[in-house]
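Read the structure below first, then the notes.
The values are calculated or read from the model by the stated rules, or taken from the named source; none is laboratory data. Given the structure is predicted, the values throughout are model-derived calculations rather than measurements. Cβ: placed from backbone, ideal geometry, glycine included. Neighbour counts: every protein chain shown. Note: areas computed on protein heavy atoms with side chains; ligands, DNA, RNA excluded. Shrake-Rupley method; radii C 1.70, N 1.55, O 1.52, S 1.80 Å.
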Amino acid sequence: MQSTKATPGQSSNSSDGFWDRYAASLRAKEVKPTAVRWYVIRAEQYLQAVSQKRLPEHTPQDVTDYLEKLGRMGRMAEWQYCQTVAAITACIPHG
């Protein structure tokens, strides 16, 4: 699975195959195949918005700030916002 806009390097993640591993992880969590692509898009949008940090450096506050800003924009349906939360949660390493 290839990235929509960002390459892993552009999204502050230089690991080869990041998006393929991410998609495989989603499938293992039984995310519907039609939704996997949208999870990738939502995760890429987040990574592009917080591009000044490498992925392992992201904090819960980075995620909270992004989601609050996204919520205030009011441009997406509630289910899309929930999908974005799930996509980011699946993307960020848990330490």
If you stretched the chain out fully between GLN48 and ARG75, how much longer would it get, using 0.36 nm times the residue separation minus the C-alpha to C-alpha distance? 7.9 nm
With every protein chain kept in place and ligands, DNA and RNA left out, what is the accessible area per residue of the stretch 23-95? Probe 1.4 Å, answer in Å². 63 Å²
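Tell me the Kirkwood hydrodynamic radius of the stretch 32-82 in angstroms, computed as one over the mean inverse distance between distinct C-alpha pairs. Provide the component values of the computation, followed by the final result.
On the way: mean 1/r = 0.0837 Å⁻¹.
That comes to 11.9 Å for the stretch 32-82.
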Residue by residue through the stretch 34-48, which ³J(HN,Hα) values in whole Hz follow from phi under the Karplus form 6.51 cos²θ - 1.76 cosθ + 1.60 (θ = phi - 60°), with glycine and proline marked x? 5, 8, 3, 4, 5, 4, 4, 4, 4, 5, 4, 4, 4, 4, 5
Given 10 Å bins starting at zero, what is the percent of C-alpha pairs of the stretch 53-95 in each, up to the one with the largest pair distance? 26, 54, 19, 0
One finds, for THR59 and ASP20 with R0 = 22 angstrom and r their Cβ-Cβ distance, a FRET efficiency to the nearest 0.05 of 0.30
